[in-house]
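I have placed the structure first, in the form of structure tokens, so that the comments after it can refer back to it.
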Amino acid sequence: MASTAQRGTWGSKAGFILAASGSAVGLGNIWGFPTQVGQGGGAVFVLIYLACVLFICLPIMVAELVMGRRAQLDPVGSFTLIRPASSWWLVGMLGVLAGAGILSFYSVIAGWSVAYIWYAATGAVTGDADAIGAFFGNFTANGPLSVGLALLVLATTATVLLGGVQSGIERVTKLMMPALIALLLILAIRAATLPGAAEGLTYYLRPDFSRLLDPSVLNAALGQAFFSLSLGMGAMLTYGSYLSKHESIITAALWVVALDTSMALLAGFIIFPSGFSIEGFDPSASGPGLIFAVLPRLFATLPGGQLFGAAFFILLTMAALTSTISLLEVPVAHFIDAHQWTRRKAVLLVTTGVFLLAIPSALGNGAVGVFSRLPGIGVDFLTLMATIWNNFALPVGGLLTAVFVGWVWRVDQAIEEVELHGAPFPARRLWSVLIRYVCPAAISVIIVYAVVSL
Ligand code: TRP
């Protein structure tokens with residue numbers, strides 16, 4: 001009896017961790033993190049990122065999971081249930097918008113990953129650093145191709161949500177995650193043995209403290225941490241609503257955060273050593289094309305590189321798909337719950353809206369066109385979208401969630417929910433202080449500092 005029950009419990013916690021990690025691990029880890037490190041000046045960004053993960057995001061992860069498990073509803077419904085007849089449901093609404101907004105640019109990058117499966121397999125990307133950079137430039141300058149690839153990603157995501165094949169997602173994630181980790185480890189070891197690797201490791205690991213208080217670096221690190229952990233828009237809250245009352249929220253949160261953060265750090269151990277082995281490499285100059293410029297060179301140094309390259313981009317695409325599914329599910333679930341739409345209608349209409357918003361992001365990476373240099377702003381449309389949603393919307397969503405759980409719902413209620421499975425909440429004092437004071441203060445300071453110094 002006891003052993004059956006234990007196996008059952010463990011099986012279902014593993015299921016939860018797989019689904020939540022499937023949402024968290026994606027382009028944010030392998031594309032976003034190295035790109036941001038490159039723009040944020042290397043190791044100092046890594047340090048700030050880790051501090052944001054530990055002191056801001058981990059407590060908020062617990063808060064989202066606790067709220068979801070208590071309310072057993074979607075984000076808008078959860079805020080309404082806990083505080084009816086107030087305006088708090090708007091925080092849930094912000095999450096619905098953020099889900100669609102993030103998906104609009106995310107699908108474009110996932111589309112690039114799809115194309116690179118083919119390019120890597122056929123060995124199309126060859127030559128020196130300039131040639132590989134030019135290849136990426138020419139590829140993304142083909143706007144209609146990027147639009148078509150984004151459509152392919154969105155249509156695949158929509159098909160999965162229409163079928164409601166949740167168990168399929170779990171199975172895919174279960175195979176994908178170990179394969180991805182194994183491949184990343186092999187690539188990191190190879191990268192470490194390349195000439196120039198030491199310079200890359202120094203860049204990645206030795207902080208230049210003069211940028212420690214740079215407001216744009218602080219803001220980018222905070223935004224990246226929220227984005228990578230799928231926090232601040234109710235996605236984890238939704239997953240929490242599926243978490244059984246017999247399981248430990250804290251263990252689940254620690255697992256997801258540890259897995260997601262190790263994958264991001266591992267990606268850095270691949271990109272920087274191999275990047276610096278390329279002559280004239282400048283990590284800050286590559287922008288969103290960083291991994292697409294560095295990785296093909298790394299694959300070329302491996303025996304069977306075409307196979308490795310194709311396998312890598314297949315796994316990256318799968319990791320992206322388990323994330324797009326969770327991004328699309330938040331707005332879809334909202335329209336089903338709040339407006340009684342059928343699942344079919346919700347999926348079709350939301351996907352169409354997201355696709356329309358994805359078009360300017362897909363067109364903005366060519367050398368020409370208004371979307372590549374927005375008048376008065378000077379950045380391309382995709383970068384603008386990523387900045388609005390990741391750097392501002394998610395941290396603000398997280399801030400409001402922390403204030404809500406810490407001051408409106410109150411921490412003792414949350415602690416009671418955490419302890420439901422029968423064991424005490426190990427660091428409840430610390431968590432209370434973090435969620436009530438540290439998270440709201442740190443996020444506000446970083447956001448305000450970033451806005452005034454724009
Ligand atoms: N975390 C995912 C990544 O790193 C992206 C993602 C999926 C996400 N769902 C989310 C980001 C919800 C914010 C909110 O690729």
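The values are calculated or read from the model by the stated rules, or taken from the named source; none is laboratory data. Everything numeric here is computed off the predicted structure, so don't read it as measured data. FYI the Cβ positions are ideal-geometry reconstructions off the backbone, even for glycines, and counts take in every protein chain you see. In case anyone asks, the SASA skips ligands and DNA or RNA and just uses the protein heavy atoms, side chains included. Shrake-Rupley method; radii C 1.70, N 1.55, O 1.52, S 1.80 Å.
General remarks:
- Number of residues in the range 112-129 that are more than 18 Å from VAL153 (Cβ to Cβ), surrounded by 15 or more Cβ atoms within 10 Å (Cβ to Cβ) and not hydrophobic (A, V, I, L, M, F, W, C) equals 0.
- Residue match in the range 94-111 (condition: away from the ligand (no atom under 16 Å from the Cβ) and either at pLDDT 90 or above or open to solvent by less than 40 Å² (accessible area, probe 1.4 Å) (or both)): no
Table: residues versus (1) within 15 Å of the ligand (Cβ to nearest atom); (2) open to solvent by less than 40 Å² (accessible area, probe 1.4 Å); (3) within 28 Å of LEU382 (Cβ to Cβ); (4) modelled with pLDDT under 95.
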{"residue": "ALA14", "(1), (2), (3), (4)": "no, yes, no, yes"}
{"residue": "ALA24", "(1), (2), (3), (4)": "yes, yes, yes, no"}
{"residue": "GLY32", "(1), (2), (3), (4)": "yes, yes, yes, no"}
{"residue": "LEU50", "(1), (2), (3), (4)": "no, no, yes, no"}
{"residue": "PHE55", "(1), (2), (3), (4)": "no, no, no, no"}
{"residue": "ARG69", "(1), (2), (3), (4)": "no, yes, no, yes"}
{"residue": "GLY77", "(1), (2), (3), (4)": "no, yes, no, yes"}
{"residue": "ALA85", "(1), (2), (3), (4)": "no, no, no, yes"}
{"residue": "GLY92", "(1), (2), (3), (4)": "yes, yes, yes, yes"}
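Each row is one residue, and each column tells you yes or no for (1) open to solvent by 60 Å² or more (accessible area, probe 1.4 Å); (2) among the β-branched types (Val, Ile, Thr); (3) out of contact with any strand residue (DSSP E or B) (no Cβ under 6 Å at 6 or more places or on another chain).
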{"residue": "VAL153", "(1), (2), (3)": "no, yes, yes"}
{"residue": "THR156", "(1), (2), (3)": "no, yes, yes"}
{"residue": "MET176", "(1), (2), (3)": "no, no, yes"}
{"residue": "ALA182", "(1), (2), (3)": "no, no, yes"}
{"residue": "ILE186", "(1), (2), (3)": "yes, yes, yes"}
{"residue": "ARG190", "(1), (2), (3)": "yes, no, yes"}
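- Of the residues examined, LEU363 is one that is out of contact with any Leu (no Cβ under 7 Å at 6 or more places or on another chain) and more than 16 Å from the ligand (Cβ to nearest atom).
- Residue check, ALA225 open to solvent by less than 20 Å² (accessible area, probe 1.4 Å), closer than 28 Å to MET67 by Cα and within 16 Å of the ligand (Cβ to nearest atom): yes
- In this structure, ILE415 qualifies as free of Cβ contacts under 8 Å to residues at least 24 places away in the same chain and either touching an Asp or Glu at 6+ places or on another chain (Cβ under 9 Å) or surrounded by 12 or more Cβ atoms within 10 Å (Cβ to Cβ) (or both).
- Some residue of the range 273-284 being closer than 21 Å to ASN390 by Cβ, of a type outside the set (D, E, K, R) and within 23 Å of the chain's Cα centre (by Cα): yes
- Near pairs, Cβ below 8 angstrom, 6+ apart or cross-chain, from the range 380-396 (in a helix (DSSP H, G or I)) to any residue that is of a type in the set (Phe, Trp, Tyr) and more than 15 Å from the ligand (Cβ to nearest atom): PHE381/PHE371
- Residue that is nearest to PHE226 (Cα to Cα) [pool: residues in the range 244-277 that are open to solvent by 30 Å² or more (accessible area, probe 1.4 Å) and aromatic (Phe, Trp, Tyr)]: TRP255
- Residues of the range 421-454 satisfying the condition of being farther than 17 Å from LEU254 by Cα, in contact with a helix residue (DSSP H, G or I) (Cβ under 8 Å, 6 or more places away or on another chain) and surrounded by 13 or more Cβ atoms within 10 Å (Cβ to Cβ): ARG436, VAL438, CYS439, PRO440, ALA442, ILE443, SER444, ILE446, ILE447, TYR449, ALA450
- Selection over the range 326-340 of residues that are surrounded by fewer than 22 Cβ atoms within 10 Å (Cβ to Cβ) and either among the hydroxyl-bearing types (Ser, Thr, Tyr) or within 16 Å of the ligand (Cβ to nearest atom) (or both) gives a count of 0.
- Near pairs, Cβ below 6 angstrom, 6+ apart or cross-chain, from the range 210-238 (touching a residue at least 24 places away in the same chain (Cβ under 8 Å) and under 22 Å from GLY38 (Cα atoms)) to any residue that is aromatic (Phe, Trp, Tyr) and surrounded by fewer than 24 Cβ atoms within 10 Å (Cβ to Cβ): PRO215/TYR449
- Qualifying residue in the range 39-46 (condition: open to solvent by 10 Å² or more (accessible area, probe 1.4 Å), in a helix (DSSP H, G or I) and at pLDDT 95 or above): yes
- Complete set of residues in the range 129-147 that are free of Cβ contacts under 8 Å to residues at least 24 places away in the same chain and under 11 Å from VAL108 (Cβ atoms): none
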